[in-house]
1. For a footprinting-style exposure proxy, rank B:195, A:49, A:100 by other Cβ within 10 Å, fewest first.
2. Given that compact globular proteins tend to follow 2.2 N^0.38 Å, what is the ratio of the alpha-carbon Rg of region A:79-237 to that value?
3. Please determine, in degrees from 0 to 90 and to the nearest 10, the orientation of helix A:262-273 with respect to the longest principal axis defined by the Cα atoms of chain A, where the helix direction is its Cα long axis.
4. Say R0 is 35 Å: what FRET efficiency, to the nearest 0.05, do residue B:94 and residue A:198 get from their beta-carbon distance?
5. Could you quickly flag the chain A residue whose beta carbon comes closest to the rotation axis taking A to B, and that distance in whole angstrom?
6. Where does chain A land at 222 nm, in deg cm²/dmol rounded to the nearest 500, when only DSSP H runs of n ≥ 4 count, each adding -39500 (n - 2.57), divided by all residues?
7. Suppose we keep just the DSSP beta bridges with both residues in the protein assembly as shown; what percent of those would be antiparallel, to 5?
8. Can you list the distances in nanometres, one decimal and ascending, from the residue B:249 label point to the identical position in each other copy, with the point 7 Å along Cα to Cβ?
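Any read-out appearing in this document is the output of simple, stated calculations on the displayed coordinates, not a laboratory observation. As the structure is a prediction and not an experimental result, all values here were calculated from the model. Every residue, glycine as well, gets a Cβ built from its backbone with ideal geometry; the counts of neighbours run over all protein chains shown.
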């Protein structure tokens with residue numbers, strides 16, 4: 001029953017783990033840009049066009065040569081000849097010369113010769129065919145010039161970018177309706193434990209329902225992976241080995257929630273170790289909850305052994321499964337984690353050297369967020385249901401006192 | 001061309017809008033709990049079971065009657081008779097009496113008679129059939145009692161709860177494999193503007209591609225709605241009226257991105273006004289970008305007119321479309337917005353009375369997040385592609401100075 005000769009710090013464990021397997025985004029597919037939200041680019045996208053492709057007005061007003069308006073004001077207005085109107089979506093067939101102007105709308109194309117737009121609020125029609133300009137315009141004022149957003153040849157998205165709605169917009173803006181993205185990695189999920197039964201079944205005394213498979217499946221999907229559930233293995237070396245081998249062969253990565261006792265956790269580590277080299281990299285992370293975490297890479301494929309208790313599995317999944325999936329998809333630009341700063345409402349003790357993730361309820365007032373820790377034993381799933389986030393107590397702290405600021409990861 | 005007689009503050013506009021239409025979550029469907037992430041409960045869930053259903057150990061150790069260990073220490077240990085082992089997933093068929101103990105694993109069931117578990121680290125086998133206890137146990141120590149997580153009759157989820165992975169776990173823990181949820185509301189999306197063409201088409205000079213439909217579609221999906229795209233309407237009263245009427249009749253809510261000029265925005269308002277009572281509630285919100293927003297409710301159905309420029313449409317969608325969809329699904333517990341606190345790196349002017357959302361790039365160092373505003377004209381979609389978030393400058397500020405703290409909404 002020997003366990004945890006050495007507990008590794010969280011960041012260091014993650015680095016070692018991520019360095020030890022290659023990204024697999026070489027497996028790519030082409031998808032419609034419009035439905036690619038959440039996918040990860042597997043190619044650099046270079047714009048083949050200028051955006052905008054023509055000079056545009058940003059206001060409703062009169063397109064002018066700026067020099068025609070120099071010195072004009074409400075008391076000494078300039079008078080310009082109105083030579084036309086630019087209809088939306090058309091390319092005007094006239095040219096603005098000195099002393100001339102044309103009506104143009106927001107988003108409309110500037111006529112040739114014009115280099116500024118005077119807002120309609122600063123003008124009035126003095127007589128038919130003539131506009132009184134009450135404010136001087138400067139060159140480029142109220143205009144967007146060709147290529148001001150993006151120029152031909154600009155890299156608009158590098159490879160490894162997570163596509164948010166705005167990136168979809170950017171792709172379509174330059175006419176990229178198809179995009180090469182990383183395939184969603186298949187993440188195999190296996191529960192283990194003699195005490196665990198499928199949630200649909202009747203619950204004999206002494207057994208509990210497998211809720212980890214569904215929680216992890218939902219999380220994997222949120223993180224961009226494709227969850228594949230393999231059911232429940234008993235705490236038996238041969239059965240577990242066979243099931244892990246099956247998951248390993250069919251998926252790009254393996255997540256096993258270990259049985260709860262030390263011996264079954266050791267069993268999981270031994271089974272994983274046999275899948276290939278280098279095997280188990282980390283067995284035990286200095287974190288609460290989630291200490292008995294196993295991080296392994298076997299012949300280039302990552303495997304994670306999660307603690308069986310659902311709160312630990314949830315926390316560790318945020319910290320290790322998410323970056324694993326991102327690496328498998330070749331993500332280069334990690335999105336900022338939703339981490340709010342809050343004020344602790346009560347004292348919360350911790351252990352120096354250990355990183356703590358504490359479920360908290362958040363509330364907000366004029367002074368910002370307040371965090372109230374949920375007192376819990378780590379196996380209680382409803383502590384997470386009640387929680388808005390996880391307060392992070394760093395390794396170099398021995399706890400937080402009421403009134404202190406704490407970072408809270410929204411969950 | 002009269003416009004914006006009065007600009008309404010953001011919060012007030014939202015309240016008025018949300019109060020003016022009923023939630024439609026009466027349209028419900030039953031789905032598998034395991035695949036219900038992101039859905040919204042349409043019923044109160046009461047637990048029919050105690051969780052845990054049996055007293056469990058939280059450690060590997062020896063189940064005892066606490067009183068058998070009182071006063072014991074490393075120097076004066078207690079010696080207990082080892083009467084058995086609780087196999088995982090089984091209900092032990094023996095009872096612990098004073099002076100007795102049984103081996104139990106983490107998550108295992110406590111035998112009758114026991115009320116504490118002494119961790120294995122604080123024991124040793126003194127001779128076959130006897131365990132030396134080196135630490136006193138107190139009643140309930142290292143145990144979870146029946147119903148400690150949830151008790152029969154507890155409301156585990158109220159109606160209107162957004163299901164996160166942990167709520168899925170909670171449902172399955174009590175054996176709820178099916179759940180009644182709100183149907184995803186159908187959100188009709190219509191672009192308008194004579195200058196707008198479908199992104200798949202060749203781009204004639206003076207025209208731009210419709211990127212709003214795809215951006216809004218992706219956002220609606222993220223917010224839990226079901227986007228239905230209706231294409232592009234020309235800036236023509238009759239055509240627009242017909243298309244809006246079609247979207248209105250087929251969907252639970254309508255989003256129209258208006259043409260860019262003041263006259264076409266007014267056209268949108270007039271068309272919306274005809275769809276029913278009370279009609280347009282707000283036309284113009286004191287916000288940048290996004291001022292020309294239209295909020296309307298017609299015969300109980302909400303309609304939003306968004307500015308045509310994609311950055312404005314994006315911001316307004318976060319502020320108004322998201323809560324609209326949540327209300328349509330009957331959401332009662334709004335999740336905390338991912339809002340980080342950051343330090344402004346440069347001065348940024350604003351107008352008192354107006355709320356500003358400024359695209360920023362975030363970086364992080366020892367002192368927390370730093371926000372660097374992206375200097376932009378509001379129609380440039382790539383300002384959003386580069387941005388990590390939107391810095392919020394409140395109505396009562398006339399701008400931020402470098403070094404000042406600002407809330408940044410992650411996007």
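1. Working: B:195 27, A:49 17, A:100 22.
So the ranking, lowest neighbour count to highest, is A:49, A:100, B:195.
2. Numbers: Rg = 31.3 Å, N = 159, 2.2 N^0.38 = 15.1 Å.
Cα-based Rg divided by the globular estimate yields 2.07.
3. The two axes meet at around 60 degrees.
4. Details: r = 29 Å, r/R0 = 0.82.
It comes out at approximately 0.75.
5. For the rotation taking chain A to chain B, the closest Cβ gives A:338, 2.
6. Numbers: 8 runs with 76 residues, N = 411.
Taking each H run of at least 4 residues, the total per residue is -5500 deg cm²/dmol.
7. Details: 122 of 180 bridges.
For the protein assembly as shown, the DSSP antiparallel bridge percentage is about 70.
8. So the distances to the same position in the other copies read 5.8 nm.
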